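Reviewing the structure listed below.
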Amino acid sequence: MILEEYLCEYVSGDLTAVEKPNQDLKRLFKKRRRDESIVKTAKTLLVHGVSPGKVALLLRLDPAFVTELAETWNPRFRRVKYTSQYATKVTVRQYFDSGAMLEKICQDLQLPLFTVVTLLKREGISDQQMASRMPDQTDPLYIAYRETVVRKQSNPQRRSPRLHY
């Protein structure tokens, strides 16, 4: 009970009501911090967007350790799961067939507009069909799309030469 009170007060920021943790809590925090499965679970929860305070409450870890873990753990590799291009292509096509705007598709799937348009073109959808669902020309998503198109047109695609025709 003391642990829950301390963690709740620590997360809320009101440490005046509860004194610093006693020796038993310090020992518990150290023991749980050394358990690899608990640390892995903490990392997984942080990847899924759970706040460090809530992770500390759920896993009964030292809140200072969890905040340090959230800051120092390499954010570049924090992805839940890499999806295959086939699965992305099918999902984009389903979104488009359901009548979703391209901006909504990009937002939900966290993909750039150029990628969504390219996947739809490969599926046989024409530019005319996509034109009505494109975002406004002043939208930052569309501006980034135009910059990418210009960059891709200026650089030829680099492929290895074909040996047999």
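The values are calculated or read from the model by the stated rules, or taken from the named source; none is laboratory data. All values derive from a computational prediction rather than experimental measurement. Neighbour counts are summed over all protein chains in view; Cβ atoms, including those assigned to glycine, are modelled from backbone coordinates with ideal geometry. For the accessible areas, the whole protein counts, side chains as well, though only heavy atoms, and no ligand, DNA or RNA atoms are used. Shrake-Rupley method; radii C 1.70, N 1.55, O 1.52, S 1.80 Å.
Listed values, structure above:
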{"quantity": "Pairs with Cβ under 8 Å, 6+ apart, first in region 46-71 and over 18 Å from residue 35 (Cα atoms) and open to solvent by 50 Å² or more (accessible area, probe 1.4 Å), second not polar (S, T, N, Q) and not in a helix (DSSP H, G or I)", "calculated": "48/80"}
{"quantity": "Complete set of residues in region 137-165 that are under 16 Å from residue 116 (Cβ atoms) and either at pLDDT 90 or above or open to solvent by less than 100 Å² (accessible area, probe 1.4 Å) (or both)", "calculated": "139, 140, 141, 142, 143, 144, 145, 146, 147, 148, 149"}
{"quantity": "Search result, residues across region 89-117 that are among the hydroxyl-bearing types (Ser, Thr, Tyr) and surrounded by 16 or more Cβ atoms within 10 Å (Cβ to Cβ)", "calculated": "91, 95, 115"}
{"quantity": "Boolean, residue 111 is of a type in the set (A, V, I, L, M, F, W, C), assigned to a loop (DSSP other than H, G, I, E, B) and within 20 Å of residue 149 (Cα to Cα)", "calculated": "yes"}
